[in-house]
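The values are calculated or read from the model by the stated rules, or taken from the named source; none is laboratory data. All of these numbers come straight from a predicted model, not from anything done at the bench. All Cβ positions, glycine included, derive from the backbone under ideal geometry; neighbour counts span all protein chains shown. Keep in mind that these areas ignore ligands, DNA and RNA; they rest on the heavy atoms of the full protein, side chains included. Shrake-Rupley method; radii C 1.70, N 1.55, O 1.52, S 1.80 Å.
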Amino acid sequence: MFVEEPMEGEGPRVHPAWLPPEAFRSLGARRILLHGEGLLIDTVLDEVSRACARYGGLVWHSPSWNVDVDLVLALRGADELPNPAVEAARAAGEAALAELGDDGTLGDEGFVLARAGDVTVVLSDAPAGLLYGLFHVVRLCAAAFDPTRPAERHRPALRRRMLNHWDNVAAHPVMGQVERGYAGGSIFWQDGRSRGDLARVREYGRLLASCGVNAISVNNVNVAHTEALLLTERLGDVAEIADALRPYGIRVHLSVSFAAPVILGGLPTADPLDEKVRLWWAATTRRVYDRIPDFGGYLVKADSEGQPGPFTYGRDHADGANLLAEALAPHGGVVHWRAFVYNHHQDWRDRSTDRARAAYDHFAPLDGRFRTNVVVQVKFGPVDFQTREPVSPVLAAMPATRLAVELQVTQEYTGQQRHVCHLGPWWSEVLRFAPWGPGGRTIADVITGEAAAGGGLVAVANVGDDLFWTGHPLAQANLYTFGRLAWDPRRDPTEILDEWITLTFPPSATADAELVRRTLHEIMDDSWRTYERYTAPLGVGFMVNPGDHYGPGVDGYEYTRWGTYHFADRDGVGVDRSRASGTGFTGQYPPYWAQVYESPESCPDELLLFFHHVPYGHVLHSGSTVIQHIYDTHFAGVEEVTAMRRRWQRLNGMIDPSVYQRVAERLDEQVRCATEWRDQINTYFFRKSGVPDERGRDIY
Ligand code: GCW
């Protein structure tokens, strides 16, 4: 049976997510020698000590005794030890590294794992590498000690693997404590102040480090007055979080208001070219670094959805971003400047304005103007984290700019952690997309790179003070998968899910491990496509209830200012974004995709209604008409969710009852909500088109 371990200190027990004690069984039964010094080495020591105390292993830290060991974790630069077995293991690690070729370096975070006779050795250049190496050993379980295991080297493909918290310090009257948060309150803030629950913050840092995340921003990109103060008066609260996360190799970033010089500094302007404004940012930033020497940098949403920005002063986004970058540069900090800029006061009657075009129109012309410590952070799609969108053309349009892709782990548009929706396959599709045409460089390549090249991967976080961290226990897998994909964007998401299953539901603690594994794969592997089937069809997007974005609201946004329309009428549906007759958005892509997307004949089915307005009788590549596709997928989607619920019932009694119960409840809601989606979408399009379902099923 699954065992929950309470965290240190008082308070309710929190689910251990993918790090239950049981996941450390194999490690904890070994004789382990750790060699090296440093804050993160102390973290490794703490991990192995706890595991060994529980499972009977032994731990030595840089000893001079001659002991027999099963596992050596050592910094490469550490002194020689008077222990032949340990030195032989280290030498074997070095030899393996040399043999692996390349330049043989491991960098700040990499590690090599090799076997030397009966000993497994993990070497790194820097302490963070040993921490990541340790969690790798945990993931491998017994396989880490397999004598035939070939040597392997791991280095993160992306330097920065970051989560953005949309947590408010003071609860927002509409958005609450966490904007688009579906897992209770914030783990950092409550009712206008810091929660001070640093045990939980540490536990969070541990979860993040174990999946590879190394940076977080701690407050919402919509910065209200209380949140703005984190930069100055309330910096101490941020410093405490940074202290709690530092032992896990996680750096803290802050969302700041572009208007800070006015609202905090009392200046008459925040004009980025004003000398006093520059000095204010320089001085303020210096104070931040005095307090938090490894502070990561600023995150900015400017001139977007009402946030202040450089437009007020007739300046552009490069002027704005460079202002903050200049202040951060002497300290090694970066500014993440979001490209999510569009007109949120559009007139629905105006067919020429296209929200999908906006990020490119604003940012592509600025390529080459950003300082090297600016990362332009681009939502993966041109509109807004939809279940299906094309990949943003901005990512192929700024070769002289460091670009990061922004994903949404919090399930704003993908079921709000009430629905199972495993997003790994979707993110992987985005990261593998080749914007210059098949076989060419991918999005992963664009954001990858050592030093100043790529800007990394960022995602909006999905945790809260909920017992299971993420509301829906299976939504933990999205957080885990994000970290693992950020470490290596080329990995297969199903394999990552398998890792998560093994850690979260350790086979040694389950009566029928294979049944658990199979059931979870059956429920989760394709759950994103299932979600897509019962919601907005063929890439058209939205059709959600305005405001909270949960559940069907086909015309909810159709006559609003937000620029998210489907244009359904009695003849057809979809948005014409072609160059020939539409908004011209297809022209923002490099030639290969500009051509593919331009015509309904070549456009992939799943994006057809994103790019084209077509009649209901239009025949898809699948052979189905658009209207019949809508009916079929919506019936299929609900059947799949019903099957998910049935499958889950097999696990009753097999896993932690509280996990079982919570998921069971949410599956009931998912069935209810999917049914509502099916019936509203099908009824809507039946009424619009008058075309009956070929198979005569119930449409109302
Ligand atoms: O998707 C939208 C959300 C807003 C969010 C915005 C953004 C933080 O509905 O709640 O604001 O995106 O990304 O800035």
For strands (runs of 3 or more DSSP E) lying entirely in region 124-238, having 3 or more residues that are in contact with a helix residue (DSSP H, G or I) (Cβ under 7 Å, 6 or more places away or on another chain) picks out 167-172
Output for region 362-411, where each listed residue is charged (D, E, K, R), more than 12 Å from the ligand (Cβ to nearest atom) and touching a strand residue (DSSP E or B) at 6+ places or on another chain (Cβ under 6 Å): ARG402
Pick from ASP498, ASP465: which is under 28 Å from TYR204 (Cβ atoms) and in a loop (DSSP other than H, G, I, E, B)? ASP465
What about TYR597, is it of a type outside the set (A, V, I, L, M, F, W, C), in contact with a Ser or Thr (Cβ under 6 Å, 6 or more places away or on another chain) and open to solvent by less than 40 Å² (accessible area, probe 1.4 Å)? yes
For residues that are within 16 Å of the ligand (Cβ to nearest atom) and closer than 20 Å to ARG371 by Cα, scanning just region 285-310, find the one that is farthest from the chain's Cα centre (by Cα). GLY309
Of the candidates GLY439, GLY471, GLY449, the one satisfying the condition of being over 12 Å from the mean Cα position of the chain (by Cα), modelled with pLDDT of 95 or more and surrounded by fewer than 22 Cβ atoms within 10 Å (Cβ to Cβ) is GLY439
Has region 140-151 got at least one residue that is buried (at least 24 other Cβ atoms within 10 Å of the Cβ) and modelled with pLDDT of 95 or more? no
Every residue in region 92-131 that is at positive phi and within 31 Å of the chain's Cα centre (by Cα), please. ASP102, GLY104, GLY107
Looking at LEU245, LEU254, can you tell me which residue is closer than 17 Å to VAL169 by Cβ, outside any loop (DSSP other than H, G, I, E, B) and in contact (Cβ under 8 Å) with a residue 12 or more places away in the chain? LEU254
Can we say ASP576 is in contact with a His (Cβ under 7 Å, 6 or more places away or on another chain) and either within 19 Å of ASP354 (Cα to Cα) or in contact (Cβ under 8 Å) with a residue 60 or more places away in the chain (or both)? yes
Evaluation of VAL430 against (1) out of contact with any Pro (no Cβ under 9 Å at 6 or more places or on another chain); (2) assigned to a helix (DSSP H, G or I); (3) more than 15 Å from the ligand (Cβ to nearest atom); (4) open to solvent by 10 Å² or more (accessible area, probe 1.4 Å) (one fails), failing number: (4)
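Answer yes if at least one residue in region 83-93 is in the same structural domain as VAL137 (by the TED database) and not in a helix (DSSP H, G or I), and no otherwise.
There is at least one residue in region 83-93 that is in the same structural domain as VAL137 (by the TED database) and not in a helix (DSSP H, G or I).
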Filter result for LEU33 (modelled with pLDDT of 95 or more, closer than 21 Å to ARG115 by Cβ and buried (at least 21 other Cβ atoms within 10 Å of the Cβ)): yes
